[in-house]
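The structure under discussion appears below in the form of structure tokens.
The values are calculated or read from the model by the stated rules, or taken from the named source; none is laboratory data. All values reported here derive from a predicted model rather than from experimental measurement. No Cβ is skipped: glycine too gets one built from the backbone with ideal geometry, and neighbour counts run over all protein chains shown.
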Amino acid sequence: MKTAPLSKPIVALEKLTWNWKNYAIQYTVVGTGRPLLLVHGFGASLGHWRKNIPVLAAAGYRVFAIDLLGFGGSNKPALNYTLELWQELLHDFWQAHIQEPTVFVGNSIGGLLCLMMLANHPETASGGNIAELCWRHEPSSRGTCSALTSYDGCIHVPGEIARFRSDRV
């Protein structure tokens, strides 16, 4: 008796390289349609979105995922890594590769970076979705949001992200 596989096989993502300030930054892009940028969390990489990327592309998005400087397949120089550095990287990536209002989706520190992009560069965004946002509000404590948090109002948040979030792991 044949049984159905428990999950669909994961499709290998084409890894591309972009030169940013003489550093190699790894990214991938899949699909056509409305742009959506996935930003991983601390200690992670674009591979953490491997199950989301094909589903979101099939839903009509041109899905970009990036390895932040210092993570995954991107260079790991001896630098002082800051939120401002990574925000500059995301903004420059958007200018070089996307150049139209984008849905920003981030997990953990990637969520904070997406929120910074929405606040500091609103011309880049058509929406945002933040999963498991972590932040430091006092030197001795750490706040976390354990559930998926969508920021809506003047920002459109696509429902597909919330539906497919559980497929990420």
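Residues in region 117-139 that are assigned to a loop (DSSP other than H, G, I, E, B) and surrounded by 11 or more Cβ atoms within 10 Å (Cβ to Cβ) were compared, and the one that is modelled with the highest pLDDT is H121. Of the residues making up region 90-104, those that are surrounded by 15 or more Cβ atoms within 10 Å (Cβ to Cβ) and in contact with a Ser or Thr (Cβ under 9 Å, 6 or more places away or on another chain) are L90, H91, W94, I98, P101, T102, V103, F104. The condition of being within 20 Å of I130 (Cα to Cα) and either out of contact with any Cys (no Cβ under 9 Å at 6 or more places or on another chain) or surrounded by fewer than 17 Cβ atoms within 10 Å (Cβ to Cβ) (or both) does not hold for G33. Among residues that are surrounded by fewer than 18 Cβ atoms within 10 Å (Cβ to Cβ), modelled with pLDDT of 95 or more and farther than 16 Å from A131 by Cα, N75 is not included.
Taking the criterion of being assigned to a loop (DSSP other than H, G, I, E, B), among the small types (G, A, S) and at pLDDT 95 or above, would at least one residue in region 94-114 satisfy it? Within region 94-114, none of the residues are assigned to a loop (DSSP other than H, G, I, E, B), among the small types (G, A, S) and at pLDDT 95 or above. Residues in region 1-19 that are at pLDDT 80 or above and in contact with a helix residue (DSSP H, G or I) (Cβ under 6 Å, 6 or more places away or on another chain): 0 in all.
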